[in-house]
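What follows is a short report on a single structure.
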Amino acid sequence: MNVRIGIDIGGTKALAVAYGGDGPLAQAHSYTNTDGLDGLTATVSGLVIELAAAPELAGHTIEAIGIGIPGIVDTDRGTVSHGVNVGLDSGDVPLARAITEATGIPTRLSNDVTAATIGAAHYLGSSNDVALISLGTGLAAGLILDGRPRTGLLGSAGEIGHIPYIPSGLECPCGQRGCLELYASGQALSRLWPQGGKHPATHLLAAAQNGDPAAQTALSTWIGAVAHAVTLLVLTLDVAEVLIAGGVTEVGGPLLDALRSELERQANQSQFLSQMGLAERICLVPSEANIAPLGAALATF
């Protein structure tokens with residue numbers, strides 16, 4: 001049986017999963033070598049070698065490698081630009097070609113959020129019009145419109161994190177002020193609620209539910225910004241579903257409840273928004289679902 005490998009490359013860790021016709025067969029983890037093109041090629045090659053030697057893949061042939069990676073990705077050319085979090089500072093780095101030459105296996109690149117969107121839509125059985133909000137260190141959206149991933153002219157579609165939210169707000173590394181990701185991302189949550197440690201969302205929601213006024217203020221600020229991201233996507237694209245993914249989703253139901261409550265509060269103040277059904281369009285992606293490698297593998301078809 002032929003299998004495909006999907007790899008999610010992050011700034012510190014990489015996860016590779018081998019998929020057969022019935023689902024995942026084996027997986028491998030690695031720290032990401034961010035020493036430029038050679039470092040990333042070594043990371044991927046090591047993961048492929050490890051998976052190829054896994055007992056579950058005995059007798060199988062690896063026919064393709066799909067990679068989800070941060071940055072501006074040109075899927076057709078197999079290049080990535082501005083992947084600063086993974087050590088690719090320059091433009092048009094030919095990562096797909098380098099990995100194909102190193103492994104002998106055809107390789108296809110996707111932006112990491114686009115890959116996650118493809119994987120999440122498949123995992124949840126979503127419709128053909130989906131937006132995924134990734135609440136990680138930053139904030140970005142992945143898009144599937146009319147059944148096709150939408151990446152845009154330069155591969156930067158969905159960079160909603162750099163739409164100004166508070167014009168006179170915090171300075172963003174992108175050079176603007178008040179960008180949405182400064183208020184709606186996982187990093188923003190940690191800044192608003194630093195006492196939450198490694199699990200700020202869980203800690204914040206629990207404290208707010210227990211009546212802590214400081215926690216309630218922090219939650220209101222953060223969840224209001226996340227709700228703004230949902231509203232922005234729905235009013236721009238009228239997608240059927242907005243999926244919420246990223247590390248903060250480990251909270252589960254309480255996060256979904258808080259976000260729906262905020263969207264309903266805003267809808268109660270606007271007849272226009274009340275007709276949009278924003279709260280009914282959102283869905284939480286389970287934190288245990290490996291949507292990014294799944295989507296990277298599916299993108300190779």
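The values are calculated or read from the model by the stated rules, or taken from the named source; none is laboratory data. Quick caveat: nothing in here was measured; it's all calculated off a predicted structure. Note that each Cβ is placed from the backbone with ideal geometry, even for glycine, and that neighbours are counted across all protein chains shown. When the accessible area is computed, the model is the full protein with side chains, heavy atoms only, and any ligands, DNA or RNA have been set aside. Shrake-Rupley method; radii C 1.70, N 1.55, O 1.52, S 1.80 Å.
At-a-glance table
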read-out: Some residue of region 209-216 being under 21 Å from the mean Cα position of the chain (by Cα) and without any contact (Cβ under 8 Å) to a residue 60 or more places away in the chain; value: no
read-out: Selection within region 133-155 - in contact with a strand residue (DSSP E or B) (Cβ under 6 Å, 6 or more places away or on another chain) and either crowded, with 19+ Cβ neighbours inside 10 Å or among the small types (G, A, S) (or both); value: I133, S134, A140, A141, G142, L143, I144, G155
read-out: Residue check, C174 crowded, with 22+ Cβ neighbours inside 10 Å and touching a His at 6+ places or on another chain (Cβ under 6 Å); value: no
read-out: Scan of region 1-57 for residues that are of a type in the set (V, I, T), open to solvent by less than 60 Å² (accessible area, probe 1.4 Å) and either at pLDDT 95 or above or more than 13 Å from I69 (Cβ to Cβ) (or both), ordered by number; value: V3, I5, I7, I9, V17, T41, T43, V44, V48
read-out: Inter-residue pairs, beta-carbon under 7 Å, first touching a residue at least 12 places away in the same chain (Cβ under 8 Å) and among the small types (G, A, S) and in region 54-74, second assigned to a loop (DSSP other than H, G, I, E, B) and open to solvent by 60 Å² or more (accessible area, probe 1.4 Å), 6+ apart; value: A64/P106; G71/H82
read-out: Number of the condition not met by W193 [criteria: (1) closer than 30 Å to I144 by Cβ; (2) open to solvent by less than 60 Å² (accessible area, probe 1.4 Å)]; value: (1)
read-out: Count of residues meeting criterion [among the small types (G, A, S) and touching a strand residue (DSSP E or B) at 6+ places or on another chain (Cβ under 7 Å)] in region 64-111; value: 10
read-out: Pair list, Cβ < 9 Å and 6+ apart or interchain, from region 157-168 residues that are without any contact (Cβ under 8 Å) to a residue 24 or more places away in the chain to residues that are acidic (D, E) and open to solvent by less than 70 Å² (accessible area, probe 1.4 Å); value: H162/E181
read-out: Members of region 264-280 found to be on the phi < 0 side of the Ramachandran plot and open to solvent by less than 70 Å² (accessible area, probe 1.4 Å), listed by number; value: Q266, A267, S270, L273, S274, M276, L278, A279
read-out: Checklist (1) buried (at least 23 other Cβ atoms within 10 Å of the Cβ); (2) not in a helix (DSSP H, G or I) applied to G211, failing item; value: (1)
read-out: Odd one out for A201 among (1) crowded, with 21+ Cβ neighbours inside 10 Å; (2) more than 19 Å from the chain's Cα centre (by Cα); value: (2)
read-out: Extreme residue, least open to solvent (accessible area, probe 1.4 Å), among residues of region 86-132 that are without any contact (Cβ under 8 Å) to a residue 40 or more places away in the chain and assigned to a helix (DSSP H, G or I); value: A96
read-out: Count - residues of region 58-77 that are surrounded by fewer than 21 Cβ atoms within 10 Å (Cβ to Cβ) and assigned to a loop (DSSP other than H, G, I, E, B); value: 6
read-out: Residue within region 176-190 that is within 20 Å of G253 (Cα to Cα), in contact with a strand residue (DSSP E or B) (Cβ under 6 Å, 6 or more places away or on another chain) and in a helix (DSSP H, G or I) present; value: yes
read-out: Subset of region 242-259 that is free of Cβ contacts under 8 Å to residues at least 60 places away in the same chain and crowded, with 17+ Cβ neighbours inside 10 Å - its residue that is farthest from D112 (Cα to Cα); value: A258
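Residue-by-condition table, conditions (1) assigned to a helix (DSSP H, G or I); (2) surrounded by 15 or more Cβ atoms within 10 Å (Cβ to Cβ); (3) touching a Ser or Thr at 6+ places or on another chain (Cβ under 6 Å):
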{"site": "A157", "(1), (2), (3)": "no, yes, yes"}
{"site": "I166", "(1), (2), (3)": "no, no, no"}
{"site": "H228", "(1), (2), (3)": "yes, yes, no"}
{"site": "V239", "(1), (2), (3)": "no, yes, no"}
